[in-house]
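Working notes, beginning with the structure itself.
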Amino acid sequence: MTERILLTGAAGGVGTLMRPRLAKPGRVLRLLDIAELSAGDSEEVVRASVTDMDAMERACEGVDAVLHLGGHSLEASWKDILDVNINGTYTVFEAARRQGVRRVIFASSNHAVGFVPRSAGEVGDYAFPRPDTNYGVGKVAGEAIGSHYADRYGMDVISVRIGSCFEKPRDTRMLSTWMSPDDGARLFEACLSTPNPGYRVVWGVSDNTRGWFSLAEAKAIGYLPQDDSEVFAAELIAEHGEPRLDEDPHRFVGGAWCGPDMDTAR
Ligand code: 15L
């Protein structure tokens, strides 16, 4: 039987990295984005916004699971976060429920807990929200929507608090927050296949030597990370210097996102 996975935000950064890695025999990826995409083998394309309930319901038809990556991936105005990231995430969950989709994986972010001080030690899987931006608030709201749909409607929902998912870490902070694309795919596969998870929050990071985040809950659902940012450490430290955890931008989990440049109210 063919498995069909709906990927929202398929044209975005994480979507582009995951698309080839989540392809496998017996699986169709239904790629949804507002940007134009063309379908490859075992792919379907839907051009639509996550805020359009009718389109989302059609996109969820016949789908086994949704991987919700869509929305703004950087800080944006409150209006845009409210519309696309918060209302859009509600729309994705509600459309999935109406179409009988049993599992939704939500791409949350470290910015949901960005104001956790680095001095606090390892950041737990269920660390209480301390968002650093409108974007972070939107991720907290998305986690809450997922928790609500899991408890009320019995859906399986996993919120993945992604660190930094890029081909390579781009600065010394990412030595701690990096999730390699291959580990990202391993984690999303675990999220898709673990039996009856109910509602979970897991960290989306590689097994980094300088890691800050618990991997306990991710490992509990079957994630076996294989990458470590340490292979990039010498090069990045030579370029940017050793990170000082008592100085900006390293004092908080969210890094520079906690600084004044990200204050959209000013
Ligand atoms: C995120 O949530 C962003 O989407 C991404 O662009 C990175 O900035 C990442 O967090 C990060 O904290 O490195």
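Points to keep in mind about this one:
- Residues within the range 148-172 that are within 23 Å of Arg103 (Cα to Cα) and under 15 Å from the mean Cα position of the chain (by Cα), tallied: 8
- Selection from the range 225-266 of residues that are among the charged types (D, E, K, R) and either free of Cβ contacts under 8 Å to residues at least 40 places away in the same chain or within 14 Å of the ligand (Cβ to nearest atom) (or both): Asp228, Glu235, Glu239, Arg244, Glu247, Asp248, Asp261, Asp263, Arg266
- Per-region count, the range 98-141, residues farther than 23 Å from Asp248 by Cβ, in contact (Cβ under 8 Å) with a residue 60 or more places away in the chain and within 13 Å of the ligand (Cβ to nearest atom): 3
A quick yes/no check of all residues on (1) touching a residue at least 24 places away in the same chain (Cβ under 8 Å); (2) under 20 Å from Leu17 (Cα atoms):
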| residue | (1), (2) |
| --- | --- |
| Arg47 | no, yes |
| Asp54 | no, no |
| Ala59 | yes, no |
| Gly62 | yes, no |
| Ile81 | yes, no |
| Val84 | yes, no |
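- Test: residue in the range 254-264 that is in contact with a helix residue (DSSP H, G or I) (Cβ under 7 Å, 6 or more places away or on another chain), within 15 Å of Ala107 (Cα to Cα) and not β-branched (Val, Ile, Thr): no
- The residue that is farthest from the ligand (Cβ to nearest atom), counting only those in the range 150-188 that are surrounded by fewer than 22 Cβ atoms within 10 Å (Cβ to Cβ) and among the aromatic types (Phe, Trp, Tyr), is Tyr153.
- Candidate set from the range 139-169 (those that are among the charged types (D, E, K, R) and in contact with a helix residue (DSSP H, G or I) (Cβ under 8 Å, 6 or more places away or on another chain)); member that is nearest to Phe188 (Cα to Cα): Arg161
Throughout, read-outs are computed from the coordinates displayed, never taken from laboratory work. Quantities reported herein were computed from a predicted structural model and do not represent experimental measurements. With ideal geometry, Cβ positions are generated from the backbone for all residues, glycine too; neighbour counts draw on all protein chains shown.
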